[in-house]
Each structure stands twice: as structure tokens, then as C-alpha cells.
Amino acid sequence: MSTIDLAALAAGAGLLPAAIRLERLDAPGSWAFDDGRYIYPASLIKVPLAVAAAAAIDAGRLAWTTRVRIDERNATANDAPSPIVPGCLATVEELVTFMLQRSDNVATNQLYDLLGRERAGADLAALGFGDVAFRRKLSGADPLIDDPEATGRNAFPAADAVRLFRAIADDRVPGAATLRTILATSWWDVKLSRGLEAGDAFAHKTGDTSGVSHDAGLLTLAGGSRWAIAVYTELPSTEETELRFGAFMRALRPHLTEERSGARTANPRP
């Protein structure tokens, strides 16, 4: 199995500085570039929060049909129109769906309140993801949302993103099938998706702020091979950055179609 030089591919696409991890799901194989380094996860934190919601449902503390009234304190801007507005009633299923599919910040903030940050973190730790931290609510624009319970910045490294997506693919976390279905309906196919070809499928989540731009998820190529990938960058969320993600995937994809079997790790974590 050939070594995939993720750093060189990212540099060629203009995506550095970045943290990247890639794993094959249907055969041995993993590659990494600086994947444990802290980069603010932005909306990628919504993926472990969705797993925490599914864990609460699995434990009997909630149901997908539990109805929640949206609190005015959780209002903030979104990148897409949303019916999740202060005063409305929404089910947990609706909150999770809008959070993952449209990257809805109001739904996310309401789930922070519903699940509890410490409880959500403990549920992720129990599943083997102790480095995930839910420390502050999300803001869609300046000024930042008033969040008296904030304790710092959220944490969800690129390495853990791939591990969690792999667990979702393998049904090793609660609600995995439901989460896969929702992730496959993402409204934001504007980054790595630009470099895919007809017949490829990408169940994923993006993350953006003025200073970071990410994409991560489960990739199934037209030929049938299956992958988990996370690309975190310290680049602004712009159309130019999105085009660079597409260039990176176009350069990476031929390496993925060449892989058949074997295992070798490039740039392993210490």
C-alpha cells in the first residue's frame, strides 16, 4: 500500500495550515498529518453533540419525540433559513436534524441546554471520546451569544473526528443509523464534495468561522471503497477556501482508488 502524502497534497491545494486524518473503513490503512493539533472545531462540534443526544435517548433520559420550546437566549444567526426560532416547539429529532443537515446554531444551543454540557461530555467520554469538550454555545455572527456557562473553547480534534465518524459507520455509538442518514443530507456540499465524482457519496459535516474552515465525514467511492476523512484548516471561510478543498479532494481521490489492501501509517500520532 502506497504512502499518501497528505501534507504535500494539502500544500498543493493551498490548504495549509491544516490537520488531516484519513482512514480506510473496509480494509487496513490510515494516514495522518498533524491530526492531534488543536484547531477550533467550529460546527464540527455538532457531530459529537448529536451522538450525545442519541446516547441520552439510548439511556432513556430523552426520546426522539421529546418536544422542547426554543429559548430566546439561544437565538443567533444561521447560514440558512430555519424554523427553529425562539418560542417554537421542536422535537429532539428535529433539533438534531437541523443541527447536522443545515448546521443550525439555534438548534445546537438548545441541545446544549437540554443535554447539559457536563453530562454530554461524560456520555462521549464513556464512548471513548474523552478529548471532546462542549465548553461554549455557538454564535452565527458577532457579537457572540451571551453564554454565562461558557468555560472556554470547544474541543474536537481532527483525529477524534475520524474516530467518531468511524464509530458511526460501524454502529458503535447509539443512534448511528439515524445519524448516518441525517449526515447524508447535508446542505453544504461546497468543500471536499467539489472534488468527488459521479457515484461517490459523502455523509459529512462542515465547520466554519472567520478563521477556520473544515469538512469531515464518511466517504463511499463509486467503486465501493469506504473511508473516513477529516480536514481541518486555519483558513477563513471563503469561496476561495472552498475551492481549495475541492482541489485537495481531486488530488487525493486517485490515491483512494489505487488502494486495495495492506496497512501502513504515514505521519502517525505520537
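Among the residues here, residue 91 qualifies as assigned by TED's automatic domain parsing to the domain that holds residue 69, touching a Ser or Thr at 6+ places or on another chain (Cβ under 7 Å), among the hydroxyl-bearing types (Ser, Thr, Tyr) and surrounded by fewer than 24 Cβ atoms within 10 Å (Cβ to Cβ).
Within region 115-142, the set of residues being outside any loop (DSSP other than H, G, I, E, B) and more than 13 Å from residue 55 (Cα to Cα) comprises 117, 118, 133. Hey, does region 21-34 have a residue that's outside the structural domain of residue 210 (by TED's automatic domain parsing) and either part of a loop (DSSP other than H, G, I, E, B) or without any contact (Cβ under 8 Å) to a residue 12 or more places away in the chain (or both)? No: zero hits.
Considering region 158-185, and only residues there that are of a type outside the set (A, V, I, L, M, F, W, C) and not in a helix (DSSP H, G or I), the residue that is farthest from residue 56 (Cα to Cα) turns out to be 185. Within this structure, residue 162 passes the test of being within 16 Å of the chain's Cα centre (by Cα) and more than 17 Å from residue 40 (Cβ to Cβ). Which one is surrounded by the fewest Cβ atoms within 10 Å (Cβ to Cβ), of the residues in region 177-192 that are under 12 Å from residue 99 (Cα atoms) and among the β-branched types (Val, Ile, Thr)? In this case the residue turns out to be 185.
The values are calculated or read from the model by the stated rules, or taken from the named source; none is laboratory data. All values reported here derive from a predicted model rather than from experimental measurement. Ideal geometry is used to build each Cβ from the backbone, glycine not excepted, and the neighbour counts take in all protein chains shown.
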